[in-house]
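Trainee: Quick one: this structure, given as structure tokens, is what I'll be asking you about.
The values are calculated or read from the model by the stated rules, or taken from the named source; none is laboratory data. It should be emphasised that the depicted structure is a prediction, and the values quoted were computed from it without experimental measurement. Note that each Cβ is placed from the backbone with ideal geometry, even for glycine, and that neighbours are counted across all protein chains shown.
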Amino acid sequence: MSMLAETLAFAALALFVWSYLLYPALVLRWAARRGPTHVSGGRRAVGSVEVILSAADEEGVIGARVENLLGQALSGASYRVAIGCDGCTDGTAELARAAAVGGPVSVSVVEFPSRRGKAAVLNDLVAASTADLLIFTDANTRFEPGAVAALAAIHEDPAVGAACGRLIFEAPPGTSPTPESAYWDRETRIKEAEGRLGACLGANGGIYSAERVLVSPLPPDTTSMDDFLIPARIARSGRRVAFAAGAVAREDAAKDVAAEVRRRTRIGIGAGQVLRRDLWLWNAAKHPMLTFAFASRKAARWLAPLCALGSAVAALFVPQWRLLGAAALGAAAFGLALARARPALPGVFGRLYYFVVLNVALALGVGLGLLGHSRPFWTRTARS
């Protein structure tokens, strides 16, 4: 048991250092050497574009969201919007239809009688679409002017099969920002660098695009991972996943650490599902860059906190380390419990607390996902 505790502790440290420090520096350097990506060969026209989103009890934001999408200008291609109401019990469907009345864009609102989860709704909306290009987004996202056009433009490159837009998190009015915004800005720079290398695996759920014919159905029990699985599967087919810097969207950041804990746990469950089911991602012989990016920035970050918790548990069975293991597990439990009080901790200590507690939540979710737990639908994260 002593060797197990040591091995897991070393693995956790190595994965954290590689994923958060060494890999970002390496991929940023590679991307800088490569420079901007140029279109190889001729361009192609994108004939039709459809924005699709799954909404579950979003009456507070859906009207503004529809108006925002109606304001997107797109020349040279047909443009429409499809909204799937996932067992809504409020006025989401009625408000979406009311906001679309008299607008310049066709908006279809599909009501599903029971709550099934985002993956099932997206599968149905994709199957019903005839558009060349699909743009995925969320009800609480706001597109900047020209976002749809920027995504359509990048797909004029025949090598591109999917594209990730730039998502900016903003602190809701009257709240103190969490460290999530700074973390996300750093992640965006890494995504942009990976896009230059053709390995931008993880898109932003609030704004990404894919050619409809390349989108395969998601497992219905998928938990919060459509923005990873859809681009990753397209990359597997040999098409490039690009980063569209000009396609900008904004969202309110989670209002406190408690909301982020819930979100990270949900993401962790989906990550565990991916690690358990999508073993093709480890086949470096067929797609070396894709596997390298996945192992370095996704799998390493998902597994590092799980290894750390596993090391603490194993230490409980080693007499000389028992106290240390109990202290680590106690600190993790205390951090999660403290999150319920929604502390706003300043400075370096606050950022460290935020990083640690969210990784504990992620580890718990990954463990649940690896054990077969699924959570296809959830209560949305409070962001205002």
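Trainee: Over 21 Å from residue 220 (Cα atoms) and surrounded by fewer than 20 Cβ atoms within 10 Å (Cβ to Cβ): is that true of residue 81 in this structure?
Mentor: Considered against the rule, which asks whether it is over 21 Å from residue 220 (Cα atoms) and surrounded by fewer than 20 Cβ atoms within 10 Å (Cβ to Cβ), residue 81 comes out as no.
Trainee: Among the residues of region 270-279, is there at least one that is farther than 19 Å from residue 372 by Cα and buried (at least 19 other Cβ atoms within 10 Å of the Cβ)?
Mentor: There is no residue in region 270-279 that is farther than 19 Å from residue 372 by Cα and buried (at least 19 other Cβ atoms within 10 Å of the Cβ).
Trainee: Going through 340, 277, 322 one at a time, which residue ends up being closer than 30 Å to residue 170 by Cβ and out of contact with any strand residue (DSSP E or B) (no Cβ under 6 Å at 6 or more places or on another chain)?
Mentor: Only one candidate qualifies: 340.
Trainee: Find the residue count for region 164-183, including only residues that are modelled with pLDDT of 75 or more and either under 24 Å from residue 230 (Cβ atoms) or part of a helix (DSSP H, G or I) (or both).
Mentor: So the count comes out to 6.
Trainee: Moving on. Of the residues in region 222-264, how many are of a type outside the set (S, T, N, Q) and on the phi > 0 side of the Ramachandran plot?
Mentor: 1
Trainee: Would region 58-66 turn up any residue that is part of a loop (DSSP other than H, G, I, E, B), in contact with a helix residue (DSSP H, G or I) (Cβ under 6 Å, 6 or more places away or on another chain) and modelled with pLDDT of 90 or more?
Mentor: yes
Trainee: Now for a different question. Answer yes or no as to whether residue 194 is at pLDDT 95 or above and either among the acidic types (Asp, Glu) or at negative phi (or both). Can you show your working first?
Mentor: Working: at pLDDT 95 or above: no; either among the acidic types (Asp, Glu) or at negative phi (or both): yes.
Criteria not met by residue 194.
Trainee: Continuing with the same structure: Being surrounded by fewer than 22 Cβ atoms within 10 Å (Cβ to Cβ) and either aromatic (Phe, Trp, Tyr) or more than 15 Å from residue 235 (Cα to Cα) (or both) is the filter here; which residues of region 285-294 pass it?
Mentor: Selection gives 292 alone.
Trainee: Of all residues in region 59-69, which are closer than 28 Å to residue 150 by Cβ and crowded, with 17+ Cβ neighbours inside 10 Å?
Mentor: The answer is 61, 62, 63, 65, 66, 68, 69.
Conditions tested, residue by residue: (1) within 16 Å of residue 135 (Cα to Cα); (2) touching a residue at least 40 places away in the same chain (Cβ under 8 Å); (3) under 22 Å from the mean Cα position of the chain (by Cα).
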| site | (1), (2), (3) |
| --- | --- |
| 1 | no, yes, no |
| 11 | no, yes, no |
| 53 | yes, yes, yes |
| 61 | no, yes, yes |
| 65 | yes, yes, yes |
| 71 | yes, yes, no |
| 81 | yes, no, yes |
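Trainee: Hey, another quick one. Conditions: (1) in contact with a strand residue (DSSP E or B) (Cβ under 6 Å, 6 or more places away or on another chain); (2) farther than 30 Å from residue 241 by Cα; (3) of a type in the set (A, V, I, L, M, F, W, C). Residue 53 meets all but one. Number of the miss?
Mentor: So residue 53 meets the others, but not (2).
Trainee: Could we say that residue 161 is in contact with a Phe, Trp or Tyr (Cβ under 6 Å, 6 or more places away or on another chain) and not hydrophobic (A, V, I, L, M, F, W, C) here?
Mentor: For residue 161, the condition - in contact with a Phe, Trp or Tyr (Cβ under 6 Å, 6 or more places away or on another chain) and not hydrophobic (A, V, I, L, M, F, W, C) - is not met.
Trainee: Here's another thing I want to ask about it. What number of residues within region 101-122 satisfy the criterion of being surrounded by fewer than 21 Cβ atoms within 10 Å (Cβ to Cβ) and either assigned to a helix (DSSP H, G or I) or in contact with an Asp or Glu (Cβ under 6 Å, 6 or more places away or on another chain) (or both)?
Mentor: Residues in region 101-122 being surrounded by fewer than 21 Cβ atoms within 10 Å (Cβ to Cβ) and either assigned to a helix (DSSP H, G or I) or in contact with an Asp or Glu (Cβ under 6 Å, 6 or more places away or on another chain) (or both): 2 in total.
Trainee: What are the pairs with Cβ atoms under 7 angstrom where one residue, in region 98-120, is of a type in the set (S, T, N, Q) and the other, located anywhere, is crowded, with 17+ Cβ neighbours inside 10 Å and modelled with pLDDT of 95 or more? Sequence gap at least six, or different chains.
Mentor: What qualifies is 106/80; 108/82.
Trainee: May I pose another question? Just for region 356-379: of the residues that are at pLDDT 90 or above, under 20 Å from residue 256 (Cβ atoms) and out of contact with any Lys or Arg (no Cβ under 7 Å at 6 or more places or on another chain), which one is surrounded by the fewest Cβ atoms within 10 Å (Cβ to Cβ)?
Mentor: For region 356-379, the residue satisfying everything is 356.
Trainee: Next up: So which helices (runs of 4 or more DSSP H) stay within region 186-305 end to end and still have 3 or more residues that are more than 15 Å from the chain's Cα centre (by Cα) and over 22 Å from residue 358 (Cα atoms)?
Mentor: On the way: elements: 226-236, 257-277, 288-293.
Fully inside region 186-305 and qualifying: 226-236, 288-293.
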